[in-house]
Amino acid sequence: MKRIPLLILILVPVLAIAQQLQSPNGSFELQFRLDDGIPTYQLNLNEETIVAKSKLGFDLKDMQSLRSGFILKEEGTRSFDETWEPVWGETKTIKNKYNELLVQLEQPTTKRVLNIRFRLFDDGLGFRYEFPEQPNLTHFVIKEEQTEFAMTGDHKTFWIPGDYDTQEYDYTTSKLSEVSSLMQKAVTPNASQTPFSKTGVQTALMMKTDSGTFINIHEAALIAYSCMHLDVNEKNFTLTSHLTPDAVGNKGYMQAPRNTPWRTVIASKNAGDILLSNITLNLNEPTDYQDVSWIRPVKYIGVWWEMITGKSSWAYTDIPSVKLGKTNFSDTKPNGKHAANSQHVKEYIDFAAKHGFDQVLVEGWNEGWEDWFGKSKDYVFDFIAPYPDFDVVELRDYAKSKNVKLMMHHETSGSIRNYERHMDKAYQFMVDNNYNSVKSGYVGDIIPRGEYHYGQWAINHYLYALKKAADYKIMVNAHEAVRPTGLSRTYPNLIGNESARGTEYEAFGGSNPDHTTILPFTRLIGGPMDYTPGIFEPDVSKYNPQNNSWVNTTIARQLALYVTLYSPLQMAADLPETYNKHLDAFQFIKDVALDWEASLVLEAEPGDFVTYARKEKGSNNWFIGRTNDEEPRTSKIAFDFLDDDKKYIATIYSDAKDAHYKKNPKAYDIKKYRVSSSSKLSQYCAPGGGYAISILEVTDSSQLKGLKRL
Ligand code: NOJ
Ligand code: CA
């Protein structure tokens, strides 16, 4: 990893009451002030207040709070400037340039020390608390973090409830003042998950002020700490941190020296700047993995959508093993719907090989599903026992012969201790059978009871699983784990997370058509999402007559998602039989890159539309994706990002004139043009639609013959 750090650190004792810091280009200004012993900060962007004076501090369990009575002992500033290369990413290089202010506070009555470190970038602010090693604060328990973000008005907000156990909600768009009343109406996506806490909203929280400024609040480097939600005060529009508790309500077990995660505020007049900000990644540490050659982007298909739609089953038998009186199924008949059988998996491998996919995910390959669905016991999976119709060795060799890898699936059923007990054996089993990536999952209440998906205990587990996977050179895509906070900079084998409402919900009743115009501004601020796009058959009943769900999208929009929802791990989620009916549109999924040299936002308005253009890493090809909400809209873009002296063919996959996400989702047009840096496009997008464009460099001019110029 190439880094060019420039460091100047000055620490001086101070008498002044207010400290000021400017971002490198001067656009942001931070003020830190001890207000009668209470630490506060304020953030401005070009004279506009983004965060009004807000308090900082903690309530501790059975100890005096760290909220007031402070004196400023020392302050220091430094500047930092580096350019680093992510293992995979939206851009080939990332600039990490900021000015930093460190304030060292002392509470004379307790002789305790609390430091706060602010980093001001040209696109926003990051700050964290640091508890240095000290005699009077060793072990302590956080009752609540009391970090405020005082908004200056009743901003438009894109939010989901501050649930401790699921992030799989549709977004609500409302004023800050309406959050608590609308919260009552927010539907719990998984009714079995209890208790449901309606205390605030999740981050990344996206807002827009009346003056048109975009503000985004999230956290970075969530390690050994509880995930933060934000309580909304609908009268004064102050947001206050609300950490995920444990079974007895404690929010964090600490031992100094220890730092909290970073709290981030990204702001701009331009929505695209929010999407392109690298603050979250920059506030994570560089990786110390010596060898990263085994970490690669993955394009995959999977034995998956057929189970999600209910056409097939994960379980081999519907009878729980306790009722069968055995845990070995070798002489048990399959239920006739078990998709993860060798023959069927081979069909997927063939399809993957034919169309150049890297991997095939197979869910439902291992024993335990019958018990889990039968709810007979907490301990269900051991992650090494295949069902009798899934021949591990035969499939390993078959996949190898076709130059395709199988992707492992570990559904933990939320039983974290059980997973940790089996983890070494499970990963070794993968290595032995030629798997190098795992999709893990944490469906249902966390076991042991009382822990939550976003509490400190579970957070520690996700990182433990990730580091252990690295020991075995395994890449991880964790579903239902905590929302990402840029950890992939340090642990680049975290190539995906779900941690939001993905395509699967389209088969559980449907998602709002504007969902994919909001996700880039919220969930994806923290890191890539395994959204699983590529649904070409929106009518779910075609697969399972008992399921009348409808995927709220046009086919053209599904293609766009490969560009608009960035991920180095991309699935083509629909069934091979369906792709075979639309091979012309499927070509885009085959062509689209996974790793990028450069990314641009051409148009963006959260909740309405997003248009990205991205340049493939190591080539001159570009890909464009546009996702629309439920309104018909026309997108207008210029191709001025193309190289002046290169020739390209653009293939435009768009909604047909009469396309509509409900009425006519499969109507698409495919047109080819010769394009250059002076080309312009005005493209109609249907309700719930969008478009995708591949722009492939042409070196042989004869290929351009007969093509119209755009
Ligand atoms: C939920 C995951 O999001 C989904 O992709 C998976 O198929 C099921 N859990 C079963 O593990
Ligand atoms: Ca899920």
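None of the figures in this text is laboratory data; all of them are computed from the coordinates on show. Every value quoted in this text rests on a predicted model; they were computed, and no experiment measured them. Using ideal geometry, Cβ is built from the backbone for each residue, glycine included, and neighbour counts are taken over all protein chains shown.
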Specify the inter-centroid distance of the stretch 616-655 and the stretch 52-89, based on alpha-carbon positions, in whole Å. 41
Percent RCO, i.e. relative contact order, over the stretch 257-373, from Cα pairs under 8 Å lying at least 6 residues apart: 31
For the peptides 344-352, 567-575, 551-559, 433-441, what is the packing order when you average, over each peptide's residues, the other Cβ atoms within 10 Å and list the highest mean first? 551-559, 567-575, 433-441, 344-352
Under the helix-only model (-39500 (n - 2.57) for each DSSP H run of 4 or more, divided by the residues of the chain), the mean residue ellipticity at 222 nm, to 500 deg cm²/dmol, is -4000 deg cm²/dmol
First measure r as the distance between the Cβ atoms of Ile670 and Glu234, then evaluate 1/(1 + (r/R0)^6) with R0 = 56 Å and state the FRET efficiency to the nearest 0.05. 0.70
Count the net charge of all other residues whose Cβ sits under 10 Å from the Cβ of Thr213, scoring Lys and Arg as +1 and Asp and Glu as -1. 0
Starting from one equal scatterer on each C-alpha and no solvent at all, send me the Debye-based log10 I(q)/I(0) for the stretch 358-482 at q = 0.11, 0.20, 0.21 Å⁻¹, two decimals. -0.36, -1.15, -1.25
Label-point separation (nm) for Ile71 and His582, each offset 7 Å from Cα along Cα-to-Cβ? 7.0
For a distance above 12 Å, tell me the whole-number percent of Cα pairs in the stretch 666-710 that qualify. 70
Over the stretch 34-138, volume per residue of the alpha carbon convex hull, in Å³: 153
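Under the classification rounded if a/c is under 1.5, otherwise prolate if a/b is larger than b/c and oblate if not, where does the chain fall, given a ≥ b ≥ c as square roots of the Cα gyration tensor eigenvalues?
oblate
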For Val292 and Val431 in one chain, what is 0.36 nm times their gap in residues minus the Cα-Cα distance, to one decimal in nm? 48.4 nm
Net charge near Ser401, counting Lys/Arg +1 and Asp/Glu -1 over other residues with Cβ under 13 Å of its Cβ? +2
Residue span Asp210 to Asp539: 0.36 nm per residue of separation minus Cα-Cα distance leaves a gain in nm of 114.5 nm
Note down the relative contact order for the chain as a percent, whole number, built from C-alpha pairs under 8 angstrom at least six residues apart. 11
Under 16 Å from a point placed 7 Å out from the Cα of Asp591 along the Cα-to-Cβ direction: which residues of the stretch 537-564 have their backbone N that close? 556-564
Under the rule rounded for a/c under 1.5, else prolate if a/b exceeds b/c, else oblate, using alpha carbon gyration tensor axes a ≥ b ≥ c, the stretch 516-572 is classed as prolate
Kirkwood hydrodynamic radius (C-alpha pairs) into Stokes-Einstein, the stretch 621-710, 10 °C and 1.306 mPa s, D in µm²/s: 116
Expected unfolding gain across Ser677-Lys354 under the 0.36 nm per residue rule, minus the alpha-carbon gap, is 112.9 nm
Hey, could you get me the Stokes-Einstein D for the stretch 405-563, Kirkwood radius over alpha-carbon pairs, 25 °C and 0.890 mPa s, rounded to whole µm² s⁻¹? 145
